[in-house]
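Structure record follows, encoded as structure tokens.
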């Protein structure tokens, strides 16, 4: 075993691989969230259209009310499941951002001169508050003008 740490020539390759792995995990999370939301909106739209057609054909009879209850319950179940999975994906995304911040910190330990060029945080918890609020890091060195 070598005690070189970040001075080991393989360290940058390992850090870069981890960085791309975290980026891929974030992308998969976004794609899943968009897919789930699309499915929920499609189910909800189909439910509304089906209820409108059935209401015209059945004139809001007792059978219609039971079918409406069933369809709306299914749409509600899918909506709740979509919401909860989206919350979990958002939490996982915050973990991936924390991991990428740790990697940036390691990059700066290898080459400290890079600090002015990093527009996002290199502290483990640096971006989480701003990530939750949906905007860029306020302490970023990104030009504002």
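The figures follow:
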| item | result |
| --- | --- |
| Restricting the stretch 3-42 to residues that are touching a helix residue (DSSP H, G or I) at 6+ places or on another chain (Cβ under 9 Å) and surrounded by fewer than 11 Cβ atoms within 10 Å (Cβ to Cβ), the residue that is modelled with the lowest pLDDT | 4 |
| Filter result for residue 45 (exposed (fewer than 12 other Cβ atoms within 10 Å of the Cβ), over 30 Å from residue 67 (Cβ atoms) and either touching a helix residue (DSSP H, G or I) at 6+ places or on another chain (Cβ under 8 Å) or at pLDDT 95 or above (or both)) | no |
| Meets criteria (surrounded by fewer than 15 Cβ atoms within 10 Å (Cβ to Cβ) and either farther than 24 Å from residue 51 by Cα or over 14 Å from the mean Cα position of the chain (by Cα) (or both)) for residue 71 | no |
| Matching entry among 111, 87, 43, 74 (being free of Cβ contacts under 8 Å to residues at least 24 places away in the same chain and farther than 28 Å from residue 7 by Cβ) | 87 |
| Every residue from the stretch 110-127 that is surrounded by 13 or more Cβ atoms within 10 Å (Cβ to Cβ) and modelled with pLDDT of 90 or more | 110 |
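The values are calculated or read from the model by the stated rules, or taken from the named source; none is laboratory data. Remember, it's a predicted structure, so these values are computed and weren't measured experimentally. Cβ coordinates were reconstructed from backbone atoms using ideal geometry, including for glycine residues, and neighbour counts include every protein chain displayed.
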